[in-house]
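The values are calculated or read from the model by the stated rules, or taken from the named source; none is laboratory data. Quantities reported herein were computed from a predicted structural model and do not represent experimental measurements. Every residue, glycine as well, gets a Cβ built from its backbone with ideal geometry; the counts of neighbours run over all protein chains shown. Note: accessible area is taken over every heavy atom of the protein model, side chains too, but ligands, DNA and RNA are not part of it. Shrake-Rupley method; radii C 1.70, N 1.55, O 1.52, S 1.80 Å.
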Amino acid sequence: MIPAKNRIVIIGGGIAGLVAANEIESRIQEENLPYTYVVLETHNKVGGHFETIKMDAYYLDLSTSYLDIRDRSVVDYIKKLNLEQDVEGTDSSKPDIFLYNKFYPISYPSFAGVPMRAIDIFKQKVLTPERRLGSYFRMLFAFVAKSSDAERSAIDYLYEKYGEYVTEYLIKPILWEEGYGDFSYLTVKDIQPVLLELGNPFLPCYLNKDLFEKLDDKENLVSFTKGMQYFVEALSKPIVENIRVNKSVSGISVYEDLLLLDFQQKEMMRAGGVIVSVSADHLSTLFDDSVPNNRLQSVRCVALGTAIFKFHKEDIIKYPSSYGFVIPQRSEYFISKVTILNRIWKSMNDAPYIYLQVQFGRKGEDRFIDLNEDVIYDFLLEELKDIMGITSKPLDQKMKRWTSSIPHDPIHYYSEVGSLEKVLLEKMPTVLLSHNGIDGYGVMHSIQEGLRMAEEIIDRMKQRDKREASKTTTTI
């Protein structure tokens, strides 16, 4: 029986936690390490925000519905799980912008709606001629952010480089959907590095291959024929015997030389190492008064939601030019993005009905997310009627909401997380906190976090064992 000091507990069965568990399992097998591990998930199944439903013959996601294969870690993990044959590509990867009761396509090499070359700003009809001209000269003479600008306000930088209207109507609505939170609190280092290079009028696409490969024009988004839950199941399969669901940890403390996990004062578990990969609101409840984390307890998060609607094709009058559209926050709509699933996934191109994935919720709209489900459906359908000219009620509909998702103030929140980590390093050196969200959200960042945490916890456990062995040798 492996002693408790060699047990690694992973709190949170989202993508980051599952990747960490898989990597720990691999390290244990490859290096014949004396450790064991367990994944504890509060809910009755793992996967975090991922939820796939079956509507008719199709698997539809009520959350993130794709993987971005521009990142090497995503591609490597698809291969590691032998899922290449189950991957489904997209027909397009650039949504329209909906504004002023019209759809505006992005028809030039771009990233987050921003032209790769400044001259292409004149092709963006969502801006008036005067605003296009002003944005062009801003981009033409804009500086490239240097390392010394890293802590500068992202919104100030984007306004200076691209102008207010490009930032508000092109950049923010798309990066918001990628999980970048409220720009009011972001710094330059928090936004996509590729944005810092865009707009250079002397930068033809073929001169910067790495940058070109990152643009939205490439077909870089993939999913699985059975939805994202299939990816979760593949992550879970190798470690299923080490997963415990309906296990909500309410506190972590030190007992003698071990970590003690409290389950709502109903049971305890001892461990030698802990990985914490939970939402912001849950993290604030895990440590007692000996760890100063009171400022985390006041963290408020942006609430988000997703709905799936099924319609007769003839019931929709107005369509965007692409697979869907995003709506800037400077609008009267609660809807932030609509994806026409028939257009983005090739397997659904010939479906007899139209399936819409509707995302809603931004900063300041928490009360809307908390409304009765039927009331939210009515609001969303009225907006869809206004935007797409829908003439009848849906044939079917499903919804999922997350009351705790992205911190309202991510910069302040992660600053406090950093302060908490410093205290933990002294008091609980084998406790790690997930950084998912510091550099963005989504599957790519979750995989990267899982890889980082697995490597770091193994290293810390080994360092602890060396210290203990050294003490024993010295005593003898």
Distant-in-sequence amide H partners of ILE10 (H built 1.01 Å from N, under 5 Å): VAL38, VAL39, LEU40, ILE275
Nonlocal amide H pairs with GLY251, under 5 Å, H built at 1.01 Å: ASP262, GLN264
Burial ranking of peptide ranges 13-21, 458-466 (average Cβ count within 10 Å, highest at the top): 13-21, 458-466
LYS125, LYS237, reordered so the largest accessible area comes first (probe 1.4 Å): LYS237, LYS125
Area of GLU455 that stays accessible when all protein chains are in place (1.4 Å probe, Å², to 10): 110 Å²
Extended-chain gain in nm, criterion 0.36 nm per residue less alpha-carbon gap, GLU382 and GLU164: 75.5 nm
Computed accessible area, LYS247, all protein chains, 1.4 angstrom probe, square angstrom: 60 Å²
Pairs beyond 25 Å (Cα-Cα), from LYS266/LYS471; LYS80/LYS189; LYS247/LYS400: LYS266/LYS471; LYS80/LYS189
With DNA, RNA and ligands ignored, accessible area of THR225 (1.4 Å probe; Å², nearest 10): 80 Å²
Label-point separation, ASP257 to GLU421 (7 Å along Cα→Cβ), nm: 2.7 nm
Label-point gap, in nm, between LYS466 and ASP76 - each point 7 angstrom along Cα→Cβ: 2.3 nm
Signed unit charges on C-beta, dipole axis of the stretch 305-362, positive-most listed residue PHE311, ILE335, ILE354: ILE335
Exposure rank, largest accessible area first [GLU23, GLU382, GLU30; 1.4 Å]: GLU30, GLU382, GLU23
Too-long pairs where the Cα-Cα distance tops 21 Å, listed order kept, from LYS102/LYS385; LYS172/LYS398; LYS226/LYS346: LYS172/LYS398
Built amide H within the under 5 Å cut-off of VAL302, gap 5+: SER405, ILE406, HIS408
Between the stretch 62-99 and the stretch 449-474, the alpha-carbon center distance in angstrom: 35 Å
